[in-house]
Amino acid sequence: MTFVVLTATALLVPVISQAQWKTPWDYEGKAGAEHWASLDPDYAVCGSGKEQSPIDIQATQKAELPALRFVDESSPLKYLINNGHSIRVDYHAPGSGDWLIVGDQHYQLTQFHFHRPSEEYVHGKPYDMALHLMYEASDGKVAGVTVLLKSGRANTTIQQLWDHMPMTPGKEQEIPGVEINPAGLLPRDTSYYTYMGSLSAPPCTEGVTWYVLKTPVEISAKQITAFAKLYPRNVRALQPLNGRIVKESR
Ligand SMILES: [Zn+2]
């Protein structure tokens, strides 16, 4: 049982990590990742940034790091969107009842979405897919949690989403009668790698604290195939570390 004191400021509407895009972009082709910086001045840091994501997690520094505390609850499934880049679940004002607590910092879940394969590599290899849970604190600080997904048993929570997955890009949809709990997407063991990076899509904003959970979660081959029909490869290339250190919790 986790008890959390929520201050009034902690309930402010989060915005940074839930942006829609005024300038279209893509993973490949003319608006592909190598061109993001020149598509829009707001995307400049995609090219000039020195702390970009994703990365290949190789050498790490083991450290005594605070445990990640996830506080999740079931809530009606709304705002499910196929945004043209992934399948995403958004949380609007007054925000989700879902929190990530790291030490003294409280982050509220703003959205989560999927990549195939994983954007992050671990020791030179990607996983079959990855889930990115994006959080924001009342002071505007953004944290991303990566759950690596590997082929195995079907995931019930993912199936709830896939059952209602919009097949073509469009607006957010409310799905009546369906409740989901993001806790169903997390591994039991939440030990992690952490590093400072960025949003891995335009505008590539830096200052994002990433927590990459070391324990993958299983997803069935059928569930991977269903996502791949919409998004066979929605990943940005690995970015240089530029001297950043990846810490690993014990
Ligand atoms: Zn992502």
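The values are calculated or read from the model by the stated rules, or taken from the named source; none is laboratory data. Predicted model, so just to flag it, every value in this text is computed and none were measured. With ideal geometry, Cβ positions are generated from the backbone for all residues, glycine too; neighbour counts draw on all protein chains shown. Areas reflect the complete protein model, heavy atoms only, side chains present, ligands, DNA and RNA absent. Shrake-Rupley method; radii C 1.70, N 1.55, O 1.52, S 1.80 Å.
Separation of the alpha carbons by more than 32 angstrom is noted, of K78/K222; K222/K247; K78/K247; K30/K214, for K222/K247; K78/K247; K30/K214. For the chain, the fraction of 1.4 Å probe accessible surface lying on carbon and sulfur atoms is 54 percent. Taken about its Cα centre, the range 98-143 carries a charge dipole of about 180 debye when Lys and Arg each add +1 at the Cβ and Asp and Glu each add -1 at the Cβ.
In percent, rounded to a whole number, the relative contact order of the chain is 27, using alpha-carbon pairs under 8 Å and six or more apart. Note on E64/K141: beta-carbon distance plugged into 1/(1 + (r/R0)^6) with R0 of 25 Å gives a FRET efficiency of 0.70. Fully extending the segment from D42 to E206 would add 57.8 nm, taking 0.36 nm per residue of separation and subtracting the current Cα-Cα distance.
In a reduced charge model with +1 at each Lys and Arg Cβ and -1 at each Asp and Glu Cβ, the range 27-249 shows a dipole moment near 660 debye about its Cα centre. When a/c is below 1.5 the answer is rounded, else prolate if a/b is larger than b/c, else oblate, so apply that to the range 27-249 with a ≥ b ≥ c taken from the square roots of the Cα gyration tensor eigenvalues. Note, shape of the range 27-249 comes out rounded.
By its C-alpha gyration tensor, with a ≥ b ≥ c as the square roots of the eigenvalues, how is the range 43-128 shaped: rounded for a/c under 1.5, else prolate for a/b larger than b/c, else oblate? Here the range 43-128 falls in the oblate category. Estimated at 0.36 nm per residue, the fully extended path between N181 and T168 surpasses their Cα-Cα distance by 2.2 nm. Note on D56 and K30: their simple-model spin labels are 3.3 nm apart, each label 7 Å out from Cα toward Cβ. Residues in the range 106-250 average 42 Å² of solvent-accessible surface per residue, probe 1.4 Å, ligands and nucleic acids excluded.
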